[in-house]
Amino acid sequence: MIPQLSTAKLIGFGLGIIAVLGFIWLALSWKNERDALRDWQTVVVSATADASGNPKLRAADVPKQIRELGSSLETVKSSLARQNAAVTALEARTEQQQREASQASQDARTRAKGPERVSDSLSASSRSTERLAKPCEPSKALMEAWK
């Protein structure tokens with residue numbers, strides 16, 4: 001036979017069961033949240049280790065490693081900016097040199113036309129029929145010089 005329990009004892013017993021069940025639920029939810037945070041931490045440590053090339057990175061060293069990665073990124077950005085500026089300057093210098101080379105080539109062609117005209121004139125003079133008829137006579141300019 002079950003001993004008679006008073007209503008107050010039954011209410012207390014019910015509240016106790018509810019409190020224990022609440023505590024169990026709270027403990028399980030904290031465990032689930034803790035497990036989720038551990039999984040996230042594992043992913044972060046793994047990604048940071050891969051990005052830094054340090055496969056033995058410890059979780060405690062992740063913040064420092066992330067700061068170092070940020071510092072390295074800034075160094076790379078500034079180096080890239082300096083290199084881009086140097087390439088741009090070299091491009092401008094190359095274009096200037098190409099313009100100067102083109103102008104020098106044009107000037108050389110212009111200067112070469114004078115001697116070519118003289119050469120053509122001498123060649124035409126040597127083939128003229130007047131010179132072939134009297135090969136031993138001096139030219140008019142030479143005759144004038146001798147007077």
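The values are calculated or read from the model by the stated rules, or taken from the named source; none is laboratory data. Since the model is a prediction, treat every value here as computed from it, not as a measurement. Here the Cβ is made from the backbone with ideal geometry for all residues, glycine too, and neighbour counts use every protein chain on show.
Residue-by-condition table, conditions (1) surrounded by 10 or more Cβ atoms within 10 Å (Cβ to Cβ); (2) at pLDDT 85 or above; (3) of a type outside the set (Ser, Thr, Tyr):
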residue	(1), (2), (3)
Pro55	no, yes, yes
Arg58	yes, yes, yes
Glu68	yes, yes, yes
Glu91	yes, yes, yes
Thr94	yes, yes, no
Gln97	yes, yes, yes
Pro115	no, no, yes
Arg127	no, no, yes
Glu130	no, no, yes
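Taking segment 37-54 as the range and being part of a helix (DSSP H, G or I) and within 22 Å of the chain's Cα centre (by Cα) as the test, the residues that pass are Asp50, Ala51, Ser52. A Cβ distance below 6 Å, combined with a sequence gap of six or more or placement on separate chains, defines the contacts here; from segment 89-112, residues that are charged (D, E, K, R) reach no residue that is modelled with pLDDT of 95 or more. Just one of the listed residues (Leu57, Leu10, Leu69) is touching a Ser or Thr at 6+ places or on another chain (Cβ under 7 Å) and in a helix (DSSP H, G or I), and it is Leu69.
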